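Accompanying notes for the structure given below.
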Protein chains: 2
Amino acid sequence: MSIVVPAGFRFAGVSCGIKQDPTREDLTLIVTDGPAVGVGVYTQNLVYAAPVAIDRQRTPSADIRVVVANSGNANACTGARGIRDAEAMAQMAAEACGAQPHQALVMSTGIIGQFLPMERISAGIRDAAVVLGSDQASFENAARGILTTDRGMKVAGRVLTLGDHTIHLAGMAKGAGMIGPRMATMLAVILTDAPLDVADAQHSLSAAVADSFNCISVEGHMSTNDTVLLLASGAAGGPPLTDSSLQLFQASLREVCIELAKMIPDDGEGASHRIAIEVCGAATRDDAHRIARTIADSALVKTAIAGGDPNWGRIVSAAGYAGVAFDPDRLSLSINGTRLYQFGQPVEFDVSATSRSIRENRETHLLLDLQQGPASLTFWTSDLTVDYVRFNADYHT
Amino acid sequence: MSIVVPAGFRFAGVSCGIKQDPTREDLTLIVTDGPAVGVGVYTQNLVYAAPVAIDRQRTPSADIRVVVANSGNANACTGARGIRDAEAMAQMAAEACGAQPHQALVMSTGIIGQFLPMERISAGIRDAAVVLGSDQASFENAARGILTTDRGMKVAGRVLTLGDHTIHLAGMAKGAGMIGPRMATMLAVILTDAPLDVADAQHSLSAAVADSFNCISVEGHMSTNDTVLLLASGAAGGPPLTDSSLQLFQASLREVCIELAKMIPDDGEGASHRIAIEVCGAATRDDAHRIARTIADSALVKTAIAGGDPNWGRIVSAAGYAGVAFDPDRLSLSINGTRLYQFGQPVEFDVSATSRSIRENRETHLLLDLQQGPASLTFWTSDLTVDYVRFNADYHT
């Protein structure tokens, strides 16, 4: 996949010895050429980690210069030592790049339960600062520096022309399990050279996250470290985007976020299927989200898909306990285009053909039509396999 | 386990060919000698099955004579045919016992997606009606007739003396997975010879269920058929219980319900541990319930316990996304009596000793102290093992 790197940024990803494998990057530095707009969307967990606490204070801002992230060992602490380590990490990154501490944002992911190895991180930041580059290889090193149990880097990009200006978006994400002993957290950084007003940047990111990173799950466990950042350098030139230009930018941002977000359940720990749950005809978007999420969280739905079973009973009954008012007699359900259930009743269908369609496709598409209203939404999750359990039960042996 | 059967009831459990194994009972009949008080607590699923629809209409009542239940094939339908089959089943049971149709309650559990084999059920009801008995063996046959994937019958009883009268409680339950292709539903019937006013019976059962069957999960998937019934024959004699007698009865009922309820996650599909999640110091009981249930629903907590790992991070972070307001810096956590986390910070503990304690005990006890208020609650769930996934993914091969 070829990503055109937005102007105004430099990148580095280095190995500083946090991960056991010395060939795997574990420290990422993203530096802007000048003050950039920086906005974030963070975990809704009441127990949130120190890096989230710091980034929440520092964003939204028109004066961000640095993002530093480490992987392999999460700073998941909420207490004084966690804050001290996260502040020190941000300060070291700022110093290494000639910025002020308040211009630096910080992210952290990996094993929880241990404090950060600050000496290695300090050395890693110094190493990264001298290899910063604005080419694609540097961008990809940075994208690899935030990975944990991911099978490969997760990147996406868009190029759009707005009048005289060509604008680039490039994003990187990580995530395969929500939190755990060898992994933690969903992280993403989206970079653009678009000129953006701070408020517009925040609004654009929040809207895009609502349709992307907030519509995915692996096992439904919300991390303490989830962070999505958007940095806009303005290096593409011109005044801040408004009106139709802003709308075109927002559409591209949403596409990049959805593309990155879908990579996460696709790479879910042990997953053999990505499941796309499309709920339409809901009275409100919130209703659609609750129903989709409840289905996505059902171990019985996830194991049925893993087993190639078009089990409408598990799906319909999960919808029924989502806490959303709807008329069950209007509910219809299709799997991979085959109608299994209509107006509150099962219908005849070719079970073996539908089962084959599940087994032979990486993505299984569930479509629930509530016939209650105009709202719709798609939610993506992973199936639940024996390998997921092995991975999350037997890691310490 | 010896259960003293309450006076005023007769029981039968027979095999009528719904289950493939002809040695396993699949039809249960419980008949009262005269009109009994009958009350129920039912699934909160918006999509509820026909037997629940009928029992909801017929309870609470002071005029119940029959409960008929089948296992092996659930009537999980919400439509016209499901209602017709459930009504027919109740009517056949009433006729076989000399009762009126409105005096009969009905329950159904087993494979979903197929209509009931009504001829077999009809023959089974006739067979059961001629072998009704008031002895313990008949009670146990009835208890076996509601089982599906359970490894054995789930029964509990109490005897209490109230003044001149000796009162008996005897309960039976089934459940190992919430719903699925070879199983469905949590069902329970509690029988007593206590004299009870209808309103007191309903209140007593609702209160007992709140602390028992509503505090358990296997994988958190709410069935369309969940039903708990209480039948009170009054055969112990005397006027309806009031005041301290009623309170003593309620305490015993609660104990029976908790004893039965705990058997369900203990027998959860593939379970290697029962997990008791005790939340104390909550502002409200509802807060405690939400936090306990969110932890119980976390695949990462359940796999950690399966793997013998005292993973405080997974437990604390699950509490953090339960949607309950609390101060994370007051939170403490113990596992099997060992403190792992205190006042918002991890504490030093002997990981290998705590891990051994998890591995060597069938029940793992999690204690979360929120220090926010006076409310507390215990919730029981199963761990999540490779066998659970195999059982629920590979059943059709």
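Coordinate-derived values only; no laboratory data. Model, not experiment: these values are computed from the prediction. All Cβ positions, glycine included, derive from the backbone under ideal geometry; neighbour counts span all protein chains shown.
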Report summary line: The answer for chain B, counting only DSSP H helices whose Cα atoms cover 20 angstrom or more along the axis and whose Kyte-Doolittle average is -1.0 or greater, is B:80-96, B:243-266
Requested in this report: Take region B:91-199, compute every pairwise Cα distance, and split them into 5 Å bins from 0; I just need the percent in each bin.
Outcome: 2, 10, 15, 19, 22, 17, 9, 4, 1, 1, 0
Report task. Please report, in cubic angstrom per residue, the volume enclosed by the convex hull of the alpha-carbon atoms of region A:1-126. Result -> 117 Å³
Query - For the protein assembly as shown, radius of gyration divided by Kirkwood radius, i.e. Rg to Rh on alpha-carbons - result: 1.04
Report task. Convert 20 °C to kelvin, take the viscosity as 1.002 mPa s, use the Kirkwood radius over C-alpha pairs of region B:238-293 as Rh, and evaluate the Stokes-Einstein diffusion coefficient in µm²/s, rounded to a whole number. Result -> 153 µm²/s
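With N denoting the number of residues in region A:9-264, provide Rg(C-alpha) divided by 2.2 N^0.38 Å, to two decimal places.
0.91
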Query raised in the report: Quick one: length gained pulling A:S206 to A:D243 fully straight, 0.36 nm per residue minus the C-alpha distance?
Result: 11.6 nm
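Considering every pair of different Cα atoms, what Kirkwood radius, in Å, is found for region B:1-71?
After inverting the mean inverse Cα-Cα distance, the result is 14.2 Å.
In whole Å, what three semi-axes, largest first, describe the equivalent ellipsoid of region B:279-377 built from its Cα gyration tensor (square root of 5 times each eigenvalue)?
Here the semi-axes work out to 22, 14, 11 Å.
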Report summary line: Each residue of B:71-79 has, on average, a number of other protein chain C-beta atoms within 10 Å of its C-beta equal to 2
Query raised in the report: When Cβ neighbours within 10 Å are restricted to other protein chains, what is their mean count per residue of peptide B:43-49?
Result: 6
Report summary line: Most packed first (mean Cβ within 10 Å per residue), the peptides B:16-25, A:375-384 order as A:375-384, B:16-25
Report summary line: Note to self, chain B gives a 222 nm [θ] from helices alone (DSSP H runs n ≥ 4, -39500 (n - 2.57) apiece, / all residues, nearest 500) of -10500 deg cm²/dmol
Query raised in the report: Can you give the mean number of other chain Cβ atoms that lie within 10 Å of the Cβ atoms in peptide A:112-120?
Result: 2
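For every other residue with a beta carbon closer than 12 angstrom to the beta carbon of A:K262, add +1 if it is Lys or Arg and -1 if Asp or Glu, then tell me the sum.
Taking every other residue near A:K262 into account, the sum is -3.
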Report summary line: Net charge (Lys, Arg +1; Asp, Glu -1) of residues whose beta-carbon lies under 12 Å from that of B:A94, B:A94 excluded, is -1
**Report entry** Sorted by Cβ density within 10 Å, fewest first, the residues B:Y321, B:Y388
**Finding:** B:Y321, B:Y388
Query raised in the report: Shortest first and in nm to one decimal, what separations exist between A:A210 and its copies in the other chains, measuring from label points 7 Å along the Cα-to-beta-carbon line?
Result: 3.7
Query raised in the report: Ranked highest first by average number of other Cβ atoms within 10 Å, how do B:218-224, A:200-206, A:55-61 line up?
Result: B:218-224, A:200-206, A:55-61
Query raised in the report: Distances from B:T166 to the same residue in each other copy, label points 7 Å out along Cα→Cβ, in nm, shortest first?
Result: 9.4
Query raised in the report: At what distance in nm do the modelled label points of B:V351 and A:Q114 sit from each other, each positioned 7 Å from its Cα along Cα→Cβ?
Result: 0.8 nm
Report summary line: Extension length gain for B:T338 and B:A62 (0.36 nm per residue less Cα distance), in nm, is 94.4 nm
Query raised in the report: Taking the Cβ of A:A292 as the center, what net charge do the other residues with Cβ under 13 Å away carry, scoring Lys and Arg +1 and Asp and Glu -1?
Result: -3
Query - Virtual spin-label span in nm between B:E360 and B:D127, 7 Å along Cα→Cβ - result: 4.8 nm
Report summary line: Output row for B:M118: copy-to-copy label distances, label 7 Å along Cα→C-beta, ascending, in nanometres, one decimal, is 7.6
Query raised in the report: If you stretched the chain out fully between A:A199 and A:R24, how much longer would it get, using 0.36 nm times the residue separation minus the C-alpha to C-alpha distance?
Result: 59.3 nm
